[in-house]
1. For region 1-84, report the convex hull volume of the alpha-carbon atoms normalised per residue, in Å³, without decimals.
2. Order these peptides, 42-51, 59-68, by their mean beta-carbon neighbour count within 10 angstrom, highest first.
3. How much mean residue ellipticity at 222 nm does the chain get from its helices, if each DSSP H run of length 4 or more adds -39500 (n - 2.57) and you divide by all residues, to the nearest 500 deg cm²/dmol?
4. Whole number please: convex hull volume per residue, Cα atoms of region 31-76, in Å³.
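What follows draws every value from the coordinates through simple rules; no lab data is involved. Just so we're clear, the structure is a prediction, and the values are computed from it rather than from any experiment. Counting neighbours? That spans all protein chains shown, and the Cβs are built from the backbone with ideal geometry, glycine included.
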Amino acid sequence: MMFLKIWRFITLILVALFMGLEFAHTLELPAKMQYDRTLYITIQNSLYRYFGAPGPGAFITVGAVLCAIALTVLVRKRRPAFWWTLAGTLCLAIAFPAIYFLRIEPVNVVIEQATAVVSADWVRLRNQWEYAHAMNFIFSLVSFSAFVISIVVDAPQLEKDRS
């Protein structure tokens, strides 16, 4: 029982940290939409060094997904906590790796290779990157919420297990 509580705690912390990374991107979106090409590329290539590999952001993101998958397996016999945990894990999997690798990483590759010059479609790339992170924030928020609900609905079962 203690192992499950610890695993849930670790999962919640990692998902919250991932959500925080995505929330930061979302908060920056309005200002960054006003930047010119040179400033945008400069910021992209300097400000986000630790959000992904080899920084801690990559370990947080991958760790959150792996812990969520393991948590889903751990609570598979605990209904209705299982369904909320599964929903949280699926939302997390939509954010990372699905949205990340389909919408964000392709832009990262282009921007990382750029100096102050990016192709004429840099606005499309910027929009794709910024709005994909906003979507990731929404999915990570729903994911975190589902994990919290899974704990709340499982509380009566935990009390019964204790007695």
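1. Numbers: hull volume 8.3 nm³, N = 84.
In region 1-84, the Cα hull volume divided by residue count equals 99 Å³.
2. Numbers: 42-51: 14.5, 59-68: 19.9.
Going by the mean number of other Cβ atoms within 10 Å, highest first, we get 59-68, 42-51.
3. On the way: 6 runs with 123 residues, N = 163.
Using -39500 (n - 2.57) per qualifying helix, the result is -26000 deg cm²/dmol.
4. Details: hull volume 4.1 nm³, N = 46.
Spread over its residues, the Cα hull of region 31-76 gives 89 Å³ apiece.
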